[in-house]
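Values quoted throughout were computed directly from the atomic coordinates according to the rules given, and no laboratory measurement underlies them. All figures in this text were calculated on a predicted structure; none of them were measured in a lab. FYI the Cβ positions are ideal-geometry reconstructions off the backbone, even for glycines, and counts take in every protein chain you see.
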Amino acid sequence: MDEIYGIIPVSKFSNAKTRLSPFLDLEEREKLLKAMLKDVVSTLKPVVDEVIIISADKDVLEYANDLEVLTLVENEGLYLNTAIAQAMDWCRHKTEKVIIIPSDIPLIAKTNLQPLIESAKALDFIICPSKGGGTNGLLINPLAIDMKFGDFSFMKHINEAKNKGLDPIVYDSFYISLDVNITEDIGEIMIHGDGTKTKNYLNSLNIEVESIHGTERLKITRK
Ligand SMILES: Nc1nc2c(ncn2[C@@H]2O[C@H](COP(=O)(O)OP(=O)(O)OP(=O)(O)O)[C@@H](O)[C@H]2O)c(=O)[nH]1
Ligand SMILES: C[C@H](OP(=O)(O)O)C(=O)O
């Protein structure tokens, strides 16, 4: 068995990207999440054996069906880390490796994932950092470590791996590191996201990005 499954946890549309609420309304945030999911799924699908979306939201699961991936209904009362554990438990007898990827990294569509997926077959533990100390990719055996997503998870995942006697390998990818959480992240998608569904959607909102050499680097506005 040399298979690898992709796991994408997705929150409820109504909770999607709350930190963008000063800039995008609820409907826009839902549409943004859908566009990002399309980019992530279409990148993952050709290089893994199955893609699984786990969510507690039936609208998210319906949308996942349209994208022709497997869906898992998140058990009641779970949150991000326990939902990922549920998905890993579901696939642990079916595959030896999983790649766990968030739904908010559309620039993954600009990468060639094949070499990363190939290396995972020979390595115990690969982690892709996100900017700000999080984790935007984990390639591990199902349930190899406890999930620590949420706050400063990069160092926590590395420590979990070391405590389990695993040898964590860091895969540095600028595009994978860019998750979309705050308004400035939208500027990065406008700069680097040519060819992605996500940038197309943001273009339709007439978003513009400028460089400012101040306490922030990018100024994001809508015409
Ligand atoms: N299944 C599941 N996925 C979740 C849950 N919470 C977050 N996610 C997903 O986990 C990934 C990382 O999410 P975050 O960036 O931490 O949070 P977010 O909810 O997207 O955004 P904020 O509201 O701004 O914190 C995204 O794919 C989310 O959709 C959850 O409770 N269950
Ligand atoms: C889920 C969280 O993501 P971020 O806060 O980087 O979006 C993390 O990677 O720990």
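Less than 11 Å Cβ to Cβ from Lys164, Lys/Arg counted +1 and Asp/Glu -1: what total charge do the surrounding residues give? Overall, the nearby charge balance is -3.
Taking Leu138, Leu37, Leu72 in turn, the Gaussian network model of the chain (Cα-Cα springs below 10 Å) assigns the largest fluctuation to Leu72.
Candidates Met147, Leu80, Ile169 compared by Cα position along the dipole of region 4-177: farthest toward the positive end lies Ile169, with charges placed on Cβ.
What's the magnitude of the charge dipole for the chain around its Cα centre, counting Lys and Arg as +1 and Asp and Glu as -1 at the beta-carbon? Answer in Debye, nearest 20.
Using Cβ point charges on Lys, Arg, Asp and Glu, the chain gives about 340 debye.
Across region 139-148, coupling constants 3J(HN,Hα) worked out from phi with the 6.51/-1.76/1.60 Karplus curve, θ = phi - 60°, read 10, 9, 6, x, 6, 5, 9, 6, 6, 10 Hz, and Gly and Pro carry x. The Cα trace of region 117-223 gives Rg and Dmax of 17.0, 53 Å, the first to one decimal, the second as a whole number.
In a Gaussian network model over the chain where Cα atoms closer than 10 Å are linked, find which of Glu30, Glu210, Glu96 has the largest mean-square fluctuation. Of Glu30, Glu210, Glu96, the most mobile in the Gaussian network model is Glu210. Cross-link reach is defined here as a Cα-Cα straight distance under 15 Å, omitting same-chain residues fewer than 8 places apart; for Lys164 the aspartates and glutamates meeting it are Asp124, Asp146. Near Ala83, once Lys and Arg are set to +1 and Asp and Glu to -1 for all other residues with Cβ below 14 Å from its Cβ, the sum equals -3.
So, counting K/R as plus one and D/E as minus one, what does the shell of residues with Cβ under 14 Å around Asp59 add up to? Net local charge, Asp59 excluded: -1. Take every DSSP beta bridge whose two residues both sit in the chain; close to 45 percent of them are antiparallel.
Under the simplified labelling scheme, the Lys131-Glu27 pair shows an inter-label distance of 3.1 nm, with each label point 7 Å from Cα along Cα→Cβ.
Of the beta bridges in region 98-209, as assigned by DSSP with both residues counted there, near 70 percent are antiparallel.
Explain nothing, just the number: relative contact order of region 4-177, from Cα pairs under 8 Å at least 6 residues apart, as a whole percent. List each step's numbers first, then the result.
Details: 313 pairs, mean separation 41.3, N = 174.
Averaging sequence separation for qualifying contacts and normalising by length gives 24 percent for region 4-177.
Segment Arg19..Asp146, full-extension length gain: 43.1 nm, with 0.36 nm per residue of separation and the alpha-carbon distance subtracted. Here each label is just a point 7 Å from Cα along the line to Cβ, and for His93 and Ser42 those points are 3.7 nm apart. Rounded to the nearest 500, the 222 nm mean residue ellipticity of the chain from helices alone is -11000 deg cm²/dmol, with -39,500 (n - 2.57) taken per DSSP H run of at least 4 residues.
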